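Below you'll find the structure, written out as C-alpha cells, and then a few comments.
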Amino acid sequence: MVVTEVLQFADRLVFAETGKHLDDIQKAVVKGVWQGESYEEIAQECHRSESRVRDVGYKLWQILSERLSEEVNKSNFRATIERLHIPINSSQVVGVGIHSHFNLCSDTSEKHKTTDSTKSQAGVNSFIDLALAPKITHFEGRREELEKLSEYILHQPTRLMAVLGLNGIGKTTLVKRFIDLHSPQFDAVIWKSLKFPKTLTHLLHDILATFNQETEKSLGLDEQITQLFELLSARRCLLVFDDVQNLFISGQFAGQYPLEYTDYKTFFQMIAEIAHQSCLILISQEKSPEMISLDTELYPKKSLELGGLDADGGDFLQYQGLPRQKNLLELSNLYQGHPVYLQSISILIKEVFSERVDELMAEDSLIFPEDIKLLWDTLLMRLSPVEQELSLEMSRAKAPISRDDLRKSLNLSSLELVNGLQSLSRRYLLSKVDSDEILFTLLPVFEAYLKNFHSS
C-alpha cells in the first residue's frame, strides 16, 4: 500500500465512525506512523507540539480500535492496516453512504483487472449512450485544455472531474471532443443531460438500463448505487453529467441544492471517495460545493476552469465566415474570446457592417445582439438578491473596488457581503485585482451588459 491508499482507508474508517474526515494533524499522524516516524518527528513536520500530536494520535487509535473491533495503537498500526487491507468489494469497512446501512469499498489488489465472468456480464466497449451529447463539426483551439483533460482522466486516478466556466464558453464541446478522441479507451461511455433535471433515483435507473442491468422501478437508491459502483469498479467507465448547474436553486448563492436533489451532493462525494477505476465528469456554470470541500490530498478529483479562446479567437472568427482582417484578434479579446459571443457578433458584422470589423469596433460601446443579451438576462435571474446588488454597484464604479467601499455603499452585513463576493466568483463573474489592497472587478462583458441595460 502507498501512503495515499493508507490515508484514504483511514479516512473512510474515521468518517464511518465519527461523521468527520481526517483533519491535518490526524493525516500527519497517519502518514508519519506509517513511515515509522516518532511523535517528535511528526510534531516537527506539522509544526505542532509533541504533546498535541500524542493526544491526537491517542484519540485516533481509539476511533480506529472502535471501528475495527480490535486494539489499534502506534506500534501495531502498520501491521494492522496491512493485515486488514480490504479488497474493493468487501463489506467489512463501512464506506460513506447516502443512508447509514450502505456499504462499499474498492478492491485495490485487482483494481484494473476484470474476470471472464465479469466481462461476459458487462461486455467490452459495448455500452455507449451519447444520444444527448452534441455532434462536433468543428473544433478550434483548446489544445492545452484537451491535454490537461487527457492527463487528468487517462493518466491520473481522477474519479471526479469538473469542467467549469460561463455558459457557452465551450465546456460541453471540449468534453465531447475528448470523448471523440478517446472513447475506445473506456468500456462504457454514458452522457446524461441535466438541462431538465430528474431525481437521482430516476437518473441512475436510466444509467443502469444502459448497462442492461435488471432494475425495478421500486429498487431503493442504496441498491442502485451498489449496482453502479460494482460496474464502475469492474469496468473503466466514463460518465458525463452536463448542465449540472440546473440542480442548484436559482436566486440563491451559487451551488445550493434544493431538497429533492440533495442526494446528488452525497453521490458526487461518493464518486470521489470510494475507490473504483472510472470517472464522472461534471459540466457546470457554477462550482459544485463538493468539488471545493473534498480534500485533494486524499481524493482524486480535479477541476478544469475554461476561459476564452485567447490567441485562437481570430481563427475562430474566420471559421464563422469573416474575411481575414488585422483586427480579428482584437475583436475576439473585446468579447473575452467567448465562442458563443463571437459567433453572434460575426453574424451581426456580416449582416449590418458588410463584414468590416473596424466599423463595429468604431461604435462607442460594446454591442450586445439580442441572443447575447438573453444569455445575460438568464444568468442575472439566477443570481441571489445580494449578488445582484453587488454586481450593479460594481458596474457603477469607475475602477476596481474594495470590500470596505462596497460595505459603505450598500446596506449589507459583513456575512452577506463576503458570501455574495464568493458566490459571484464561483459563477466566474468576478475577479480580484493584484494590488496592496484587495480589490474586486466584474467580468468586463458582464459589466458592460449591466451598464447598457441596468444602469438606472
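The values are calculated or read from the model by the stated rules, or taken from the named source; none is laboratory data. Given the structure is predicted, the values throughout are model-derived calculations rather than measurements. Cβ coordinates were reconstructed from backbone atoms using ideal geometry, including for glycine residues, and neighbour counts include every protein chain displayed. These area figures cover heavy atoms from the full protein model, side chains too; ligands, DNA and RNA do not enter into them. Shrake-Rupley method; radii C 1.70, N 1.55, O 1.52, S 1.80 Å.
Brief remarks follow.
- Within the chain: Cβ-based charge dipole about Cα centre, in debye rounded to nearest 20 (Lys, Arg +1; Asp, Glu -1): 300
- Global form of the range 292-430, assessed from the alpha-carbon gyration tensor, a/c cut-off 1.5: oblate
- Both radii were evaluated on the Cα set of the chain; the Rg over Rh quotient, with Rh as the Kirkwood radius, amounts to 1.02.
- Degrees separating the helix 370-382 axis from the principal Cα axis of the chain, which is the longest one: 40
- For the range 1-53 versus the range 303-358, the gap between their alpha-carbon centres in whole angstrom: 52
- Per residue, the chain exposes 47 Å² of solvent-accessible protein surface, assessed with a 1.4 angstrom probe and all protein chains in place.
- Nearest 10 degrees, 0 to 90: helix 50-68 Cα axis against the chain principal axis: 70
- Cα centroid separation, the range 430-446 to the range 156-226: 35 Å.
- Share antiparallel - DSSP beta bridges, the chain, percent rounded to 5: 20
- Packing, taken as the mean count of other beta carbons within 10 Å per residue, orders the peptides 162-169, 179-186 from highest to lowest as 162-169, 179-186.
- Cα gyration tensor shape for the range 143-228, rounded if a/c is under 1.5, else prolate or oblate: prolate
- The packing ranking, built from the mean of other Cβ atoms within 10 Å per residue, places the peptides 242-250, 400-408 in the order 242-250, 400-408, highest first.
- For the range 353-410, the carbon plus sulfur part of the accessible surface works out to 50%, probe radius 1.4 Å.
- Ordering of 278-285, 32-39 by packing is 278-285, 32-39, highest average first (other Cβ atoms within 10 Å, averaged per residue).
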